[in-house]
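In what follows, a structure is listed as structure tokens, so that the remarks can point back to it.
The values are calculated or read from the model by the stated rules, or taken from the named source; none is laboratory data. Only a predicted model underlies this, so the values are computations on that prediction, with no experimental measurement involved. Because the Cβ atoms are built from the backbone with ideal geometry, glycine has one as well, and the counts that use them run over all protein chains shown. Keep in mind that these areas ignore ligands, DNA and RNA; they rest on the heavy atoms of the full protein, side chains included. Shrake-Rupley method; radii C 1.70, N 1.55, O 1.52, S 1.80 Å.
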Amino acid sequence: MLDKTKNDTTKIEAKRTQEPIVVRFAGDSGDGVQLLGAQFVRSAADSELNFFTFPDYPAEIRAPAGTTFGISAFQIQFNSDTVLTPGDAADVLIAFNPAALKTNLTEVKTGGLVVVDEGTFNKRGLKKAGYDADPRDAGLGEHQLLSIDISKRTLEAVAETGVGRKQAVMARNFWVLGLVLWMYGQNRKPVNNWIDKKFAKTPDVLAANKAALNAGHAYGETMELAVQSPASPLHVSEPYRVITGTDAMALGIAAISSLSGLETFYCSYPITPASALLHALAKIGSGIRTFQAEDEIAAVCAAIGASYGGAIGVSAGSGPSLALKTEALGLAVAAELPLIVINVQRAGPSTGMPTKTEQADLLMAVFGRHGEAPLPVLAPATPGECFDIMLDAAKIAIEAMTPVIVLSDAYLANAAEKWIVPDAEKLPDLRPSRDLPDESNYHPYLRDDVTLARNWIIPGTPGFVHRIGGLEKAHDSGDISYDPNNHDKMVALRAEKIARISERCPPAEIETGAEEGDVLVIGWGSTYGALKTAVDNLDEAGHAVGHLHLRRLWPLPRGIEKIASRFKKVIVAELNHGHLRRLIRSEYLIPAEALNRVSGQPFKIADVEAEIHQLLNR
Amino acid sequence: MNEIALSAKDFTTDQEVRWCPGCGDYAILKAVRKVLADIGRPPHEVAFVSGIGCAARFPYYLSTYGFHTIHGRAAAVASGLKLARPELDVWVVGGDGDFLSIGGNHTIHVLRRNIDLNLLLFNNAIYGLTKGQYSPTSAIGTRSPSSPEGSADSPINAASLALGSGARFVARSADTLQDHLPEILKRAQAHKGASFVEIFQNCIVYNDNAFGPITDKTAGPDVVVRAEHGEPLIFGKDREKGLVFDPERNQFKPVVIGDEATRDQIAHHDETSLTLAQALAVMDGPGAPMVLGVLYCAPEATYRERLPENYRTKPLDRSALSDLLLGAAASR
């Protein structure tokens, strides 16, 4: 098939746009699509653009090349204005092979541009993707097609650098990056700087990647592909950086030790997608201790041991990890020790879809322990909030002497956005009180009158040796007690201690949209961007729809009932079969409706809007 | 360190001990209190962490810091405690269920990591607190409520498992051997790194006399070799028996000195030899004695000592935190 670049229909009018742009890259797991995406982000951030990314990859590390199940994708939405989601559908898809086209074509907007590597559309590639005929022959329906022999052009571009064929083919991602940087008027310099640093030890690879980058860029220029550069964003005076939820969370954990003066002891066992957090923290090193335990149970138990020793124990994992930690969480509830357990939720049950997102662990987090074992549950809404939520979690854990669960998810963990770096001097003081009680009347379950937290005296303190454990304690001596009335009292005390946390936290507030009216949309966690955008859109269209987004799932913040009473209908939108909805219904007796999707994918704004529309019309 | 003389009483709490009368745990508790007093570290610098089971009630009876955790996980909790508070003397107490069944994974990993903990396995070869089911150290054919026709499982050799896990200190003793156990406990405490002590403990209710006559004053000497570094492996009431290496079976065998071998042929204990330790740990066959004592002691760097320096630093100050947060932030 001929190079179709000279076909005028593929040209896009040159313009500076205020509209957000969505680009999606898709290729084999080994094609470097995620790296390509990350480098595009580097350039967008350098231009002070706002963006939100969505790496969408399989669990297989290197599935057989060219197959549909090995396709890894990266989507980015960027704009001069605020960007809250990676976008429902792509304006441009770059497909590295037929399988990438097959699996990702549905992600392209009607009328969107699809760029494919013609070099891979041979008999073998088509067959592996399961195509009987070349899909380009019939055209791509409503989409525009741009077929370029990227493979060949990359090989030509890097021929002089002396790299082997395998390495040369690997440079395709930089060729594509060059092309895309041209298409959106973005600077190559940050990428070149990165290449200089990253490949300093392999000069031939360095040269090949740069040659490919420049060749892709030059191709766009020579072919006069239209440039659609985003309008200049408002200048940001504060320092900012690109951050993923994982990185933000790692920084938050590092900040806990700094702000509390306590050692942070991070224990985990590798599991997708939470492992990235262990890597990030191990890299930070100083101020944090990481411990790769032999299993999930050992991870949380070592964290509990560290907390018992006066550190802040933190243990993270995903889905099955939290299931394995439930017994130890019960111990932390009974022993009343501060502890933070992070669950980067993924699609379940069982192994489910390890790299895909879901919010179906909420009820496990809130109730999933034997006995009456209440504990606070928090959830960040954006990648950047993964930083703040860790400080909140630490504050609550220390103040109330309780384990806290933080629910992130695969989508938040991997998504990147522009993050205004907080001023370290202005972050809260998390230092615990170390005032010793009167030695003569001491027992380990003496409580603060206000918070009901027990005192936290750490081993090594002279004069206060004591024993704690999972057996029920007498409320007034800390000794083992099987007294029925005492148990009843202790159960009530532990519940009250957790309930009081919401008294110290700000009440619920409408996030966006109407303060009263027809429909209140309640959400939590990573669905924030999609829900807010959908409600904003409906609001602009004149509907009285409000959005309430919860960061504290347990105990629920004050004021939800009041807000809900100002709306005719309440709908709870979440990526599960109605976990928060059940909580809202049972706590407030509100007939909340459900907006659920459990596909492993984040909400699409359009789908949310459509469902709210339906409710409005009912 | 021993500035103020301490006695066993200084390590005794006001809690009433709730083990069955005649339980071997009483003898172990007595030995531990004595050893703690002899070592002389003030009670607040000592912590006992336990799992679940009869043995795991131990911390309640010692006036040190104590944490009674969940079944099998004591070694994991203690690992976190010791890494957070390296200056504490941390002991882990558990039974054969705790250490070898539900918590077996933690046992092997705490040993290979060589975290500086003193691990005391109270091996009574039965599940006591759950009323007498067979345990991972019960002999094949043990009749119990869960194995009325006799158990089919082969027992774990705890010392051998510990050695195989990479433990650098492995010892054996028994509950009522008050002329032996305290010294072993002192050696274990003094050892830097994970020290593993298997204590044969009698469960008078569910598995009485499971370890036969090894603690018996008269019969014991005939069935027990007390291994001591550099000394010949001799036993018997009149010290008339010894161990020689049998090249035909490639393992040790008991002999009568004079009749079957000369005194010079008796093997000497070398606690730095892993090969010897394993051979002594797994020795069986007709007339084979039980080897007690320090089977293996070969210190090497502890987990903490192996950590890179920056993993041991104090929390970052605000200015260091600021640098960390900014990272490669663009600022204009």
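Structural remarks
- Going through (1) facing another protein chain (nearest Cβ under 9 Å); (2) under 14 Å from the mean Cα position of the chain (by Cα) one by one, A:L262 falls short only on (2).
- The range B:39-88, residues that are charged (D, E, K, R) and more than 22 Å from A:L262 (Cβ to Cβ): B:R41, B:R57, B:R73
- Residue match in the range B:72-82 (condition: more than 15 Å from the chain's Cα centre (by Cα), open to solvent by 10 Å² or more (accessible area, probe 1.4 Å) and modelled with pLDDT of 95 or more): yes
- A:V169 among the aliphatic types (A, V, I, L, M) and open to solvent by 40 Å² or more (accessible area, probe 1.4 Å): yes
- Note on the range A:297-338: among residues that are outside any helix (DSSP H, G or I), under 24 Å from the mean Cα position of the chain (by Cα) and more than 7 Å from chain B (Cβ to nearest Cβ), the one that is nearest to A:A397 (Cα to Cα) is A:I312.
- In the range B:315-326, the residues that are more than 7 Å from chain A (Cβ to nearest Cβ) reach residues that are open to solvent by 60 Å² or more (accessible area, probe 1.4 Å) with C-beta atoms within less than 9 angstrom, at least six apart or across chains, in these pairs: B:S319/A:E425.
- If you go through the range B:78-97 and pick out every residue that is of a type in the set (A, V, I, L, M), more than 15 Å from A:G469 (Cα to Cα) and facing chain A (nearest Cβ under 7 Å), you end up with 3.
- Summed over the range A:556-569, residues that are under 26 Å from A:I405 (Cβ atoms) and not in a helix (DSSP H, G or I) total 4.
- Just one residue in the set A:L181, A:L213, A:L206 is modelled with pLDDT of 95 or more, farther than 25 Å from A:A65 by Cα and within 33 Å of the chain's Cα centre (by Cα); that residue is A:L181.
- Hits in the range B:51-74 - residues which are small (G, A, S), touching a residue at least 40 places away in the same chain (Cβ under 8 Å) and more than 8 Å from chain A (Cβ to nearest Cβ): B:G51, B:G53, B:A55, B:A56
- For the range A:512-555, taking the residues that are among the β-branched types (V, I, T) and part of a helix (DSSP H, G or I), the one that is nearest to A:G368 (Cα to Cα) is identified as A:T527.
- In the range B:112-145, residue most open to solvent (accessible area, probe 1.4 Å) [restricted to those that are of a type in the set (D, E, K, R) and over 26 Å from A:A293 (Cβ atoms)]: B:R143
- Considering the range A:28-64, the residues that are among the aliphatic types (A, V, I, L, M), in contact (Cβ under 8 Å) with a residue 60 or more places away in the chain and over 12 Å from A:V242 (Cβ atoms) include one that is surrounded by the most Cβ atoms within 10 Å (Cβ to Cβ), namely A:V33.
Every residue, every condition in (1) on the phi < 0 side of the Ramachandran plot; (2) free of Cβ contacts under 8 Å to residues at least 60 places away in the same chain, yes or no:
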residue	(1), (2)
B:G212	no, yes
B:K217	yes, yes
B:P221	yes, yes
B:A227	yes, no
B:P232	yes, yes
B:D238	yes, yes
B:K241	yes, yes
B:F245	yes, yes
B:R249	yes, yes
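- Inspection of the range A:413-420 identifies at least one residue that is open to solvent by 10 Å² or more (accessible area, probe 1.4 Å), under 36 Å from the mean Cα position of the chain (by Cα), touching a residue at least 60 places away in the same chain (Cβ under 8 Å) and away from every other protein chain (no Cβ under 14 Å).
- Residue check, A:S286 assigned to a helix (DSSP H, G or I), open to solvent by 10 Å² or more (accessible area, probe 1.4 Å) and facing chain B (nearest Cβ under 7 Å): no
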